[in-house]
Amino acid sequence: KSISPASTASHLYLENTTTTEFYLCGAASTTLCQKKGGADPLSLTSDKVEVNNLKFTQVATSTSTPSAQINLKISYKNPANRSEYEALVNVTSTVSLRAY
């Protein structure tokens, strides 16, 4: 239904029948997680990668539909430190809530 005003650059809160939260979690805070209501967080990324940067920004559009831009940087953990396994991706996407 809406993007909660409690949302910050590091936490996105979506309001519906329950609150869904997206944020970095884990021991090193490098795992993208989703938490619905009072449930335990669910990891959205593999343990073979780490999210080095996550930023949420609410964006204004020409409609009244709430939108958010998501920026994240994900890298392969590469425990063997081999150059041929180095991988990094920067992703930017904008999403809008559905209007019913």
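Inter-label distance, residue 88 to residue 52: 0.4 nm, where each label sits 7 Å from its Cα along the C-beta direction. Considering only alpha-carbon pairs that sit under 8 angstrom and 6 or more positions apart, the relative contact order computed for segment 13-100 is 19 percent. Expressed as a whole percent, the accessible area of segment 1-53 that falls on carbon and sulfur atoms is 52 (1.4 Å probe). Each residue, residue 16 and residue 71, gets one label point 7 Å from its Cα in the Cβ direction; the gap between the two is 2.8 nm.
Spin-label model, residue 34/residue 95: points 7 Å from Cα along the beta carbon direction are separated by 0.7 nm. Near residue 66: Cβ cut-off under 14 Å, other residues only, Lys/Arg at +1 and Asp/Glu at -1. The net charge is +1.
The values are calculated or read from the model by the stated rules, or taken from the named source; none is laboratory data. Predicted model, so just to flag it, every value in this text is computed and none were measured. Cβ atoms come from the backbone with ideal geometry, glycine included; neighbour counts cover every protein chain shown. Ligands, DNA and RNA are excluded from the accessible area calculation, which covers all protein heavy atoms including side chains. Shrake-Rupley method; radii C 1.70, N 1.55, O 1.52, S 1.80 Å.
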